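Take a look at the structure below.
Readers should treat all values here as calculations from the given coordinates under stated rules, not as data from a laboratory. Predicted model only: the values in this text are computed from it and were never measured. In this analysis, Cβ positions are derived from the backbone assuming ideal geometry, glycine residues included, and neighbour counts consider all displayed protein chains.
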Amino acid sequence: MNQWWKWLPKQTSNQMGFAVIGVGRFGSAVCKELLRNGVDVLAVDSSEKAIEELRQMEPSIEARVVDSTDEESMREAGVLEMGTVVVGISEPIEASITTTLIAKDSDGSRVEQVIARATSDLHEKMLKRVGADRVVFPSRMQGERLGLELVRPNLMERLELDDQTCIDEIKVPELFVGRSLRDLNLRKNYLVNVLAAGPTQGLTVNPPATYVLEKDHVLVVMGLIEDLQKLPET
C-alpha cells in the first residue's frame, strides 16, 4: 500500500484536546473527521458566517468567533489549553504566521503541536521559523485524512470500500505483540477480519491462526468503521 500518511504527525496528545483555527474547506474537513471519531474539538474562525455554517453542518461542535491574531482572545477561547492546534488559515499569510506564533510561544501555552497550512514554499518556510511542527499543502481530502490520523496515530493507510466499510493498515498495537491470531480472535472480539500481517515489505496474506504478531509488524484488517475504531492504539 502507498504510504500517503507519512506527511502527517505520528504522535499526538489526544488527552489535551484539539483546536482547529480557520474552518474553510480544509479546516471543516478536519473538524468533521475528528467528530466522526468521537473526539471533542474546538473550532474557531474570525468569520461569524463561517462559524454559523459549521454549526449548521455539525450542531454538536464547540465553535467560537475568535481573532486568532490576538493572544488574549486565543487564551480566553481556550485554544492555548489544547495539545494539538491545526491552523487551517490560508490567507492572509500574516494571519496564519501570527496565529502559529501565538499558539507555540505564548506564556503558559500548553500547545505541544501545531500543524499549519501553507500556500507557497515561502509561506512554509516562514511558518516553520515561527515554530510550526508540521506544514502541509492540503486539499479537502487531506483534511479528512489529517483528522483521522490525529485520533488514530497507528493508522498507516485506509481504503474505504463504502460509507461504512474500510480496510485499514495499522501498526500492530503493543497489546497484540507476542500473541497469536488465534489468541486474539479479532473476528469475535472486535468484529474485524484479518487480511494480512507481518513486516511492511513481507506481508503474509490470509495468515494462519497460529501466526504470532511481532513488534513493528503491521496488520491489514477489514470491517465496519465503528468496529475498526475500537482496536487498541497502543
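Starting at the first residue of region 163-169, write each ³J(HN,Hα) from the Karplus equation 6.51 cos²θ - 1.76 cosθ + 1.60 with θ = phi - 60°, in whole Hz, x for Gly and Pro.
5, 10, 10, 9, 10, 10, 9
Any idea how far apart GLU226 and ARG134 come out in nm if each label point goes 7 Å out from Cα toward Cβ?
Here the modelled spin labels are 2.8 nm apart.
Cβ neighbours within 10 Å, averaged per peptide: list 41-51, 199-209, 223-233, 27-37 in order, most packed at the top.
27-37, 41-51, 223-233, 199-209
Need the full-extension length gain, LYS49 to ARG36, defined as separation in residues times 0.36 nm minus the C-alpha distance. One decimal, nm.
Separation in residues times 0.36 nm, less the Cα-Cα distance, equals 2.4 nm.
Based on DSSP, what percent of beta bridges with both residues in the chain are antiparallel, to the nearest 5?
If we restrict to bridges inside the chain, about 50 percent are antiparallel.
Percent relative contact order of the chain, based on C-alpha pairs within less than 8 angstrom and at least six residues apart?
With pairs under 8 Å counted, the relative contact order is 19 percent.
Does anyone have the angle between helix 93-105 and the longest principal axis of the chain? Alpha-carbon axes, 0 to 90°, nearest 10?
So the helix axis and the longest Cα principal axis differ by about 70 degrees.
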